[in-house]
Amino acid sequence: MVLCLVSIAHAAQGTAVWYKPPYTPSKCFGNQNNGAMVAGVSDKLWNNGAACGKMYRVRCIEGANLAPHPCKQGTSVVVKIVDYCQRGCTGDINLSRDAFAQIADVNAGIVKVQYDQA
Ligand SMILES: *[C@@H]1O[C@H](CO)[C@@H](O)[C@H](O)[C@H]1NC(C)=O
């Protein structure tokens, strides 16, 4: 438990939202298919496109709204950054629906997450 808290303290935190397929075209890779475990990032992580192709492990920490029990406990998902979540982006990480569904209830729409480069 102590180790777990320490690792959470060192990981970056933010919010995650999700988007529906199709997951192409993407800002990083055009029409290239990168599978379903993909995500877009906002300015916070985009770094002028340097984020493209990086892998992040994302874990749901808690809800970001009133949705009951949005997080799937004990799960995480590794996603490849393929897109830019534009100005007005409502999360730091915009997960594919498939990726979001692995860690949280899609009905919640938005959750707080912890993420590390994988
Ligand atoms: C998430 O990404 C998709 C695809 O790039 C985009 O259409 C959508 O607007 C983004 N969602 C948010 C909340 O910014």
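If we keep just the residues of segment 44-60 that are surrounded by fewer than 17 Cβ atoms within 10 Å (Cβ to Cβ) and in a strand (DSSP E or B), which is farthest from the chain's Cα centre (by Cα)?
The extreme case among them is Met55.
If you check every pair at least six apart or on different chains, which have Cβ atoms under 6 Å apart with a residue in segment 13-27 that is farther than 13 Å from Asp98 by Cβ first and a residue that is among the charged types (D, E, K, R) and near the ligand (Cβ under 8 Å from one of its atoms) second?
Ser26/Asp83; Lys27/Asp83
Could you count how many residues in segment 22-34 are in contact with a Ser or Thr (Cβ under 9 Å, 6 or more places away or on another chain) and either part of a strand (DSSP E or B) or more than 10 Å from the ligand (Cβ to nearest atom) (or both)?
Here the count works out to 5.
For residues in segment 65-118 being aliphatic (A, V, I, L, M), crowded, with 18+ Cβ neighbours inside 10 Å and not in a strand (DSSP E or B), which is farthest from the ligand (Cβ to nearest atom)?
Ile103
FYI, it's all coordinate maths here, none of it is from the lab. On a predicted model such as this, the values are computed, not experimentally measured, just so you know. Neighbour counts run over all protein chains shown; Cβ positions are idealised from the backbone, glycine included.
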